[in-house]
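Asks: First, the structure itself, so that you have it in front of you.
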Amino acid sequence: MRNKVLALSFLMLQGGFAAQATVRLPALVGNHMVLQRDTKVPIWGWATPGEKVTLTFRGKTYAATPTATGKWQTTLPAMPAGGPYTMTIKEQNTLTIQDILVGDVWLASGQSNMELPLRDPNAPSPTSYPLVLNAEQEVAAANFPRIRQFTVKKATAPQPQTENEGHTWKVCGPGTAGQFSAVAYFFARDLYQRYNVPIGIISSPWGGTPAEAWVSGAALKALPDFKAPVAELEQQATTPPVPENNAQNKPAMLYNGMIAPLIPYALKGIIWYQGESNANRAEQYRTLFPALIKDWRSRWGYEIPFLFVQLANFTDLLPEPAESDWAELREAQTQALTLPATGMAVAIDIGDGKDIHPANKQDVGHRLALVARKVAYGDKAVVASGPTFQSMRVTGNTVQLRFTGVGSGLLVKGNKEVLKGFAMAGPDKKFHWATATVQGQNVVLSSRAVPVPVAVRYAWANNPEANLYNREGLPATPFRTDEWEGITHGKK
């Protein structure tokens, strides 16, 4: 009996060594993947510590040695766009990855307006709940096999993870496109049609989540409002995990589970659509959002272009000027543009007052693509944004505003005689609608209720009625000239 036990133990031990000898890869590295062109490309996985791993790609072989934890990594040289290619990875077993393209890879993250698919795959019938305008026609026409999407599996964790089970890379076609992030799909389609290179989307959003869930604990420590939650998180990481309700809304939990496992996959840039869940803490977002951008860049190790969507218009129109937490959140988003290699798509005219998930995702993707052309692709000629406030000059009871981003000229959309969305205030800080006219490249304001103007606001509402554009069809960015305390001041 003792000999049988020893023999069984030996076989089990052999089986354990055999399992360890199996080279394996993260889900992100698989069939149909897109690799980033024109830059060094890290490829990594796990194998037996100390054993040699070889990777063959495009006629060249690269070697790597797993560390004591079993992780190995090698780096491919910069390559031009192309494919399809095949990759083989060997240790004591051999893995073959097929249909690999080299092009541009974009990480798409945020909350539900980034997550929502081109057509809801769970809808009872294809037309019962279309999430975007003309969903059926868009899906039927989505024959772009050189656009691919990898969807990250939703996961939370109290500490950074090395793996996310994910799904598989999907090749864009009428049978798969309905599952693609709608915003990311329209963004990718615009870029593909413009540059004719493969586009890979790594989709990693989670609806209803706040920005702090997407920031690492290490970065949040530098923000006073999050020191205590991060300390609690670190304590949790040292104890056996306990399932939590709404864990996805807690600081760092989504960074740990859904962003950390993607590093160091090479990216062209990041697109981000989030903020609704932080609107009631908009002042805090002024520091939180830049912290997120800097955090992700530091983790990847380079200044990744970071493009984002400003909150769309939502809720009822108001008859008079009023305070607005959504306007304050939009202001915080705009302030993040002081960081290098950032860009913003304004969406205050393509939302839906009755639905926080507006159906027009085509224009969102298109406007993000315009910003990408300028910020990530260096197209200096493209007009990527609408008029942006530059300066104010007060003369008597009138105010003259100057803008940048006017393109080929300012335009009043709709009724060309009525420019809407501007409000003025005097020393009493009470805002009144202003009469506004376009004069060349400027806008001139006046209001009988404000004989001594000191401040101006434009599109300052959850759902602003505003119609200043440039002739390229892009809306002016909401703004205010005052720095008066907002309604989200001090909220944590």
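Asks: If you compute volume of the Cα convex hull per residue in Å³ for the structure shown, which of [x] 172; [y] 135; [z] 145 do you land on?
Replies: [x]
Asks: Follow-up. What's the Kirkwood radius of region 388-480 in Å, using all Cα pairs?
Replies: Across region 388-480, the inverse of the average 1/r is 13.2 Å.
Asks: Can you list which of the trypsin sites (Lys or Arg not before Pro) found in region 335-440 are DSSP loop residues with at most 16 other C-beta atoms within 10 Å?
Replies: K354, K380, K413, K416, K429, K430
Asks: Separate question: Calculated from DSSP H runs of 4 or more alone, at -39500 (n - 2.57) each and per residue, what is the 222 nm mean residue ellipticity of the chain, nearest 500?
Replies: For the chain, the value works out to -6500 deg cm²/dmol.
Asks: Just subtract the alpha-carbon distance of I487 and Y62 from 0.36 nm times their residue separation and send over the number in nm, one decimal.
Replies: Fully extending the segment from I487 to Y62 adds 147.3 nm.
Asks: Y302: net charge of surrounding residues, Cβ under 14 Å, Lys/Arg +1, Asp/Glu -1, itself excluded?
Replies: Residues close to Y302 contribute a combined charge of +2.
Asks: If the reach is capped at under 12 angstrom between alpha carbons, list the aspartates and glutamates near K52, excluding any in the same chain fewer than eight residues apart.
Replies: E91
Asks: When the dipole is taken about the Cα centre of region 193-329, and only Lys, Arg (+1) and Asp, Glu (-1) are charged at their Cβ, what size is it in debye, to the nearest 20?
Replies: 760
Asks: Only Cα pairs under 8 Å and at least 6 apart count here; give the relative contact order of the chain as a rounded whole percent.
Replies: Dividing the mean separation by the residue count of the chain yields 13 percent.
Asks: Mind ranking 257-269, 139-151 by how tightly packed they are, going by the mean number of other C-beta atoms within 10 angstrom, highest first?
Replies: 257-269, 139-151
Asks: For a Förster distance of 30 Å, can you work out the FRET efficiency between the beta-carbons of Q92 and Q159, rounded to the nearest 0.05?
Replies: 0.45
Asks: Follow-up. Using alpha carbons only, how many angstrom separate the centre of region 268-288 from the centre of region 370-421?
Replies: Computed from Cα coordinates, the inter-centre distance equals 23 Å.
Asks: Angle between the Cα long axis of helix 2-20 and the longest principal axis of the chain, 0 to 90 degrees, nearest 10?
Replies: Helix 2-20 sits roughly 40 degrees off the main axis of the chain.
Asks: Less than 15 Å Cβ to Cβ from P261, Lys/Arg counted +1 and Asp/Glu -1: what total charge do the surrounding residues give?
Replies: Around P261, the charge tally is +3.
Every number in this text was worked out from the coordinates using simple rules, so none of it is lab data. Only a predicted model underlies this, so the values are computations on that prediction, with no experimental measurement involved. Note that each Cβ is placed from the backbone with ideal geometry, even for glycine, and that neighbours are counted across all protein chains shown.
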